[in-house]
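Shown next, in structure tokens, is the structure this report addresses.
The values are calculated or read from the model by the stated rules, or taken from the named source; none is laboratory data. Every value quoted in this text rests on a predicted model; they were computed, and no experiment measured them. As a convention, Cβ positions derive from the backbone with ideal geometry for all residues, glycine included, and neighbour counts pool all protein chains shown. Side chains included, ligands, DNA and RNA excluded: accessible areas come from the protein's heavy atoms. Shrake-Rupley method; radii C 1.70, N 1.55, O 1.52, S 1.80 Å.
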Amino acid sequence: MLNFTLTLIFDQIGVDLNYLELLLNCGYSTEIINIAKGDIKVPEYTFKALADLSFAFPPALIPLWSNASWPGYIGIVKHWFGNQPDTFVEYFSGETSIIEIAKNLQQLKAWMVFDFLSNVPDADEVGRFAESIGFCRADEVETIFAECEDVSDLAFLDIFKSDLPSILKRDERLGKPEWWSSSSGVDEIRNQINHGQFEQAWLQLNSGVSNKSEIASILSLLSGHVERKTEFQILISCWSTANS
């Protein structure tokens, strides 16, 4: 049934479905699938979905929207080892910089609506986006964010209070996710794999390794130790195709 569904989607939109296939196989919600497919209309000259995969990005990232002006992505960071939860991030390809902007989908919706409210001159477009993504009615946007003059003010909204994303924490990490760690290089990562430290190897791989052939080599080594082998092979295919 899944393959039949994918075939129908492919016929309708005529694009490479690798990351959609990954999202479907991993059981992500219909809301996430609709974002990735481009069913959620964003204001003009902002983001693009289906995402343009021509910018570099780490294998933990599943792109949802792309932005050519950075260039980079807003997407999901998925961890395949350990118990780290999914988070939503901005990834700046030119700077290889990652910022955690939301801990869950509802926070992502709020983040996106506020970002557009702050930067898109057409309030009607922002309202339509807020409704299409299921955040609020168009006429509620300005009321909800009436006390938010700066991104940091989002911390006072109820939706963020119980679990702040890193961008809203006032610390020296400057928005980097909690899992982010300085990479010691591929030799250290290989050593971690040899010693069964798969989660630490995965985190370091996604924290600073930028050489594509080295990443591909590490992914191959990790593939033998992941629980969801089929899905991880789809990930490898997705990432390799996008970063070829």
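Worth pointing out:
- For the stretch 173-198, the set of residues classified as touching a residue at least 24 places away in the same chain (Cβ under 8 Å), under 18 Å from H79 (Cβ atoms) and open to solvent by 70 Å² or more (accessible area, probe 1.4 Å) consists of E178, S182, listed by residue number.
- Restricting attention to the stretch 60-85 and to residues that are aromatic (F, W, Y) and open to solvent by 10 Å² or more (accessible area, probe 1.4 Å), the residue that is nearest to K48 (Cα to Cα) turns out to be W70.
- Only one of the numbered conditions (1) among the hydrophobic types (A, V, I, L, M, F, W, C); (2) open to solvent by 40 Å² or more (accessible area, probe 1.4 Å); (3) within 23 Å of A201 (Cα to Cα) is not met by F88, and that is (2).
- Of all residue pairs spaced 6 or more apart or on separate chains, those with beta-carbon atoms under 8 Å, a first member in the stretch 216-244 that is part of a helix (DSSP H, G or I) and a second member that is among the basic types (K, R) and open to solvent by 40 Å² or more (accessible area, probe 1.4 Å) are I218/R190; L221/R190; S223/K229.
- Qualifying positions in the stretch 138-149 - outside any helix (DSSP H, G or I) and open to solvent by less than 40 Å² (accessible area, probe 1.4 Å): F145, C148
This table checks each residue for (1) touching a strand residue (DSSP E or B) at 6+ places or on another chain (Cβ under 6 Å); (2) assigned to a helix (DSSP H, G or I); (3) modelled with pLDDT of 95 or more.
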position	(1), (2), (3)
N83	no, no, no
Y91	yes, no, yes
I101	yes, no, yes
S118	no, yes, yes
R128	no, yes, yes
C136	no, no, yes
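- Residue list for the stretch 154-172, restricted to those being in contact (Cβ under 8 Å) with a residue 60 or more places away in the chain, of a type outside the set (S, T, Y) and part of a helix (DSSP H, G or I): I167
- Condition check for S183: hydroxyl-bearing (S, T, Y) and in contact with a helix residue (DSSP H, G or I) (Cβ under 9 Å, 6 or more places away or on another chain): yes
- For the criterion of being over 24 Å from K78 (Cα atoms), more than 21 Å from the chain's Cα centre (by Cα) and at pLDDT 95 or above, R170 fails.
- The residues of the stretch 103-114 that are open to solvent by 10 Å² or more (accessible area, probe 1.4 Å), in a helix (DSSP H, G or I) and polar (S, T, N, Q) amount to a single one, Q106.
- Per-region count, the stretch 124-137, residues buried (at least 17 other Cβ atoms within 10 Å of the Cβ) and among the small types (G, A, S): 2
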